[in-house]
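Beneath this line is the structure, given in structure tokens, with notes to follow.
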């Protein structure tokens with residue numbers, strides 16, 4: 001009998017679209033970039049300028065030339081950490097509540113609001 005492996009995937013991730021992140025493992029280790037897309041169901045993110053793949057496109061009406069295109073591919077969100085631009089380090093995130101009741105994400109190193 002074959003059993004389907006069910007992979008537990010978090011329903012939310014520690015990064016959002018538009019965040020600056022740093023890659024902490026893999027071939028693009030220590031590269032930084034902006035998060036373009038987040039796939040919460042798969043637990044993956046697409047980061048600008050990281051994990052670049054070459055894709056061969058057939059000629060279509062929209063693109064009659066076809067050709068080879070380089071584009072960023074999705075990677076697991078566990079391979080990236082939030083990047084604090086003030087202290088210039090990849091950091092874990094702390095949560096803080098401001099006086100007006102708004103919750104914000106804060107850098108663990110320098111306490112800067114991310």
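For residue 52 and residue 113, what does the FRET efficiency come to when R0 = 22 Å and r is the distance between their Cβ atoms, rounded to the nearest 0.05?
The computed FRET efficiency comes out at 0.10.
Set the Förster distance to 22 Å, then compute FRET efficiency between residue 34 and residue 106 from the Cβ-Cβ distance, nearest 0.05.
0.65
Considering the chain, what Rg and Dmax in Å follow from its alpha-carbon atoms?
Both quantities, over Cα of the chain: 18.1, 58 Å.
Between residue 98 and residue 25, what FRET efficiency comes out of the Förster formula 1/(1 + (r/R0)^6) with R0 = 41 Å and r the beta carbon distance, rounded to 0.05?
Calculated value: 0.75.
Only the coordinates and a few stated rules stand behind these numbers; no lab work does. Bear in mind that the values here come from a model prediction, so they are computed numbers and not experimental data. Note that each Cβ is placed from the backbone with ideal geometry, even for glycine, and that neighbours are counted across all protein chains shown.
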